[in-house]
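Have a look at the structure below before the remarks.
The values are calculated or read from the model by the stated rules, or taken from the named source; none is laboratory data. The structure displayed is predicted, hence computed values, not measured ones. Virtual Cβ from ideal backbone geometry, glycine too; neighbours counted across all protein chains shown.
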Amino acid sequence: MEIVLAEHAGFCFGVKRAVDTVARSLSSGKKIYTYGPIVHNESVVAELSEKGVNVLNSKEDLLDLIRDPDVKKEECAVVIRAHGVPRSITEILSESGIECIDATCPFVKRIHRIVEKAGTEGKHVIIIGDKKHPEVEGIVGWCLGKCTVFETPEEVLEFEPEKGEKLCIVSQTTYNFNKFQYIVDIFRKKGYNDSVVNTICNATEERQQAAQDLAKKADVMIVIGGRHSSNTKKLYDICKGECEQTYFIQTLDDLHLDLPKANRLVGITAGASTPNKLIEEVQNYVRINF
């Protein structure tokens with residue numbers, strides 16, 4: 001049996017940068033918090049927790065920290081997660097007296113600038129992505145004017161902007177590239193006056209294409225990533241479309257396979273928040289046991 005790892009898998013630039021930022025901040029001697037999980041991977045967050053990193057899960061948690069009379073603000077630091085946050089959160093932190101360390105992925109930061117500029121120009125910002133995803137919530141929080149989030153092509157088909165309204169269309173960085181292109185075509189066929197910026201990051205496109213190419217050849221695909229990871233879920237959907245025996249796991253403990261000897265090729269891919277250590281553990285386990 002051949003075991004093949006997708007050409008592009010695991011930590012992307014933005015995630016590695018965010019995790020490294022937290023690691024460096026621990027050496028400052030301050031009590032470190034992250035606004036939301038630094039990345040969508042439970043094992044990474046658990047490992048940082050063991051090192052003393054605390055997670056603020058909401059605006060209310062942040063405000064409670066700021067109001068706590070027992071907290072010495074000069075001895076604390078809050079790291080902004082890779083997904084970014086709304087402008088309002090950065091403003092609260094800047095006024096709090098607590099150090100703010102911004103680990104927002106540069107590709108996400110670029111979207112913030114795009115939508116902010118579009119708002120000053122009076123454009124209606126269209127965001128293609130998951131309404132409940134923290135990255136999208138952060139992008140919405142940088143829009144100065146009208147803003148609408150679409151998750152599916154069906155929603156776009158029903159959309160009717162105001163007459164003469166100019167649109168600025170962007171995407172969540174981890175959205176499915178092919179689906180984004182399909183949605184953009186819907187807008188164009190409707191003849192809207194819009195500007196389109198492909199804000200899906202290169203790492204996402206590379207991972208999706210590499211996973212699809214491998215899944216086409218594989219008898220079994222294993223997709224590794226956190227249960228809340230948007231990009232990992234999309235990798236799973238892409239692989240499942242090409243390979244019926246596709247399995248989504250978070251850790252080695254989730255890997256319960258009974259692979260028949262007839263399987264010639266087992267493919268492995270992983271989301272952008274999956275550490276290399278975990279990928280190697282899965283590879284070794286499959287190699288030894290099957």
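In table form, for the structure just shown:
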read-out	value
Any hit, the stretch 256-265, residues being surrounded by 23 or more Cβ atoms within 10 Å (Cβ to Cβ) and more than 17 Å from residue 43 (Cβ to Cβ)	no
Per-region count, the stretch 194-217, residues farther than 23 Å from residue 110 by Cβ and either of a type outside the set (Gly, Ala, Ser) or without any contact (Cβ under 8 Å) to a residue 60 or more places away in the chain (or both)	6
Tally, over the stretch 33-43, of residues that are closer than 14 Å to residue 270 by Cα and more than 14 Å from the chain's Cα centre (by Cα)	1
Within the stretch 220-239, tally of residues that are closer than 21 Å to residue 40 by Cα and out of contact with any helix residue (DSSP H, G or I) (no Cβ under 7 Å at 6 or more places or on another chain)	8
Of all residues in the stretch 135-151 being more than 19 Å from the chain's Cα centre (by Cα) and in a loop (DSSP other than H, G, I, E, B), the one that is farthest from residue 91 (Cα to Cα)	146
Tally, over the stretch 73-108, of residues that are of a type in the set (Asp, Glu), in contact with a strand residue (DSSP E or B) (Cβ under 9 Å, 6 or more places away or on another chain) and part of a helix (DSSP H, G or I)	2
Any chance residue 88 is in contact with a helix residue (DSSP H, G or I) (Cβ under 9 Å, 6 or more places away or on another chain), among the polar types (S, T, N, Q), at negative phi and in the same structural domain as residue 38 (by TED's automatic domain parsing)	yes
Tally of residues being free of Cβ contacts under 8 Å to residues at least 24 places away in the same chain and either of a type in the set (D, E, K, R) or touching a strand residue (DSSP E or B) at 6+ places or on another chain (Cβ under 6 Å) (or both) across the stretch 13-72	15
Subset of the stretch 112-134 [among the acidic types (Asp, Glu), assigned to a loop (DSSP other than H, G, I, E, B) and within 21 Å of the chain's Cα centre (by Cα)]	130
